[in-house]
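The values are calculated or read from the model by the stated rules, or taken from the named source; none is laboratory data. Model, not experiment: these values are computed from the prediction. Neighbour counts run over all protein chains shown; Cβ positions are idealised from the backbone, glycine included.
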Amino acid sequence: MNESSWGAPPQAGYWGPSDHGPVQGAAPAAPAGPAYDAPEAPHTRPMPIVPDVPAHGGNQDDDRGAARMGGPPFHNEMPSAQPHGAAPQKPEPMSDAPQPAPQKKSAGRDLSAAIGVGVGLGVVIVASLFIVKAVFVGVVAVAVVVGLWELTSRLQERKSIKAPLVPLAVGGAAMVVAGYVRGTEGAWVAMALTALAVLVWRMTEPPENYLKDVTAGVFAAFYVPFLATFVALMLAADDGHWRVLTFLLLTVVSDTGAYAVGWRFGTHKLAPRISPGKTREGLLGAIAFAMVAGALCMQFLIEDGTWWQGLLLGLAVAASATLGDLGESMIKRDLGIKDMGTLLPGHGGIMDRLDSLLPTAPVVWLLFVLFVGSG
């Protein structure tokens, strides 16, 4: 409402007669008669009647605010009348409106579920790693098959790409076993045979989109099982269980340092177009945590290892783990999904946990070979 109307003279027919004489445009007075004569009183005149307009106080809206029922006015309304010439009053602010509660900084996932699942996976991995090496190879093979299933399912759902799962699953498991038993030569041979199997298997279907499907299949074979084969290569060494444990610890510590420091202090985005949640401060946290952990692991867990080698190893792990995380984030953004799966509460799918491990495995294997030999 325009506040200037509060200082204007009252309008005839709505607010009664004016002391300044008749108002131009007012309705003519009704004929004199018994039904219209007002009681005589000093200095009074008959009130003009405006047809079809209810008396003031009825259920009508005017330029002074909506008419209201009896009782106190609403919080967002003004009193219905003001003394003539009085200054307009401003409406009182709404004091009983609900105020938004201050938002706390969220970690973005269910931490209790994530910690519980992480501890459970850690127990299974460590137990299989130090009891029987072959059991740990089986754990890696199962993780590879599940990861391939998640990746090929998302490709088909979001992009209509049908990468053949059967040759990928069989060849991926064989690739891990071949790497543990026959070394790097076995891993490369298994990779080549898996790619060939993908090409042949896809020939059983119509030729439309053949090139797209087999390209995705070869990519999946390299991305998941071939990179995982380097874990089996580390395990094949005499102290392989300590090498694999160091690899796992450094990757987890790097991710934890990036998450903790980035969540608490992160303000500068690292790659906002790929992963808006990652910050430069988080990357520095990953490097610091991984280098300290690497120095301790190389000094006390790896035979013939030294602390300065651990510093370099930790730096390399932080870099490769971050790049691996960004790489899968790029894939998920292209697919338009948040997680690769829902198998692990608080984590997403298996591929959401392998994203940092897969590209880090060949880096750690190579540095172990350079620092302390193949074992």
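What number of residues within the stretch 243-287 are among the polar types (S, T, N, Q) and either in a strand (DSSP E or B) or not assigned by TED's automatic domain parsing to the domain that holds THR360 (or both)? Show your work before the answer.
First pass over the stretch 243-287, keeping only residues among the polar types (S, T, N, Q): 246, 251, 254, 256, 267, 275, 279.
If we keep only those that are either in a strand (DSSP E or B) or not assigned by TED's automatic domain parsing to the domain that holds THR360 (or both) as well, we get 275, 279.
Selection size over the stretch 243-287: 2.
Name the residues in the stretch 175-204 that are assigned to a helix (DSSP H, G or I), β-branched (Val, Ile, Thr) and surrounded by fewer than 19 Cβ atoms within 10 Å (Cβ to Cβ), would you? Even if it seems obvious, please write down each step before you answer.
Here is the first cut: in the stretch 175-204, the ones assigned to a helix (DSSP H, G or I) are 175-202.
Okay, now just the ones that are also β-branched (Val, Ile, Thr), so 176-177, 181, 184, 189, 194, 198, 200.
Passing the criteria: VAL181, THR184, VAL189, VAL200.
The rows are residues; the columns are (1) surrounded by fewer than 18 Cβ atoms within 10 Å (Cβ to Cβ); (2) part of a helix (DSSP H, G or I); (3) within 25 Å of the chain's Cα centre (by Cα).
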{"residue": "LEU129", "(1), (2), (3)": "no, yes, no"}
{"residue": "ALA134", "(1), (2), (3)": "yes, yes, no"}
{"residue": "VAL142", "(1), (2), (3)": "yes, yes, no"}
{"residue": "LEU148", "(1), (2), (3)": "no, yes, yes"}
{"residue": "SER153", "(1), (2), (3)": "yes, yes, yes"}
{"residue": "VAL166", "(1), (2), (3)": "yes, yes, no"}
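Here are the criteria: (1) under 29 Å from THR279 (Cβ atoms); (2) crowded, with 24+ Cβ neighbours inside 10 Å. Tell me which single one THR256 does not satisfy.
Every condition holds for THR256 apart from (2).
In the stretch 277-309, which residue that is more than 36 Å from the chain's Cα centre (by Cα) and among the aromatic types (Phe, Trp, Tyr) is surrounded by the fewest Cβ atoms within 10 Å (Cβ to Cβ)?
PHE300
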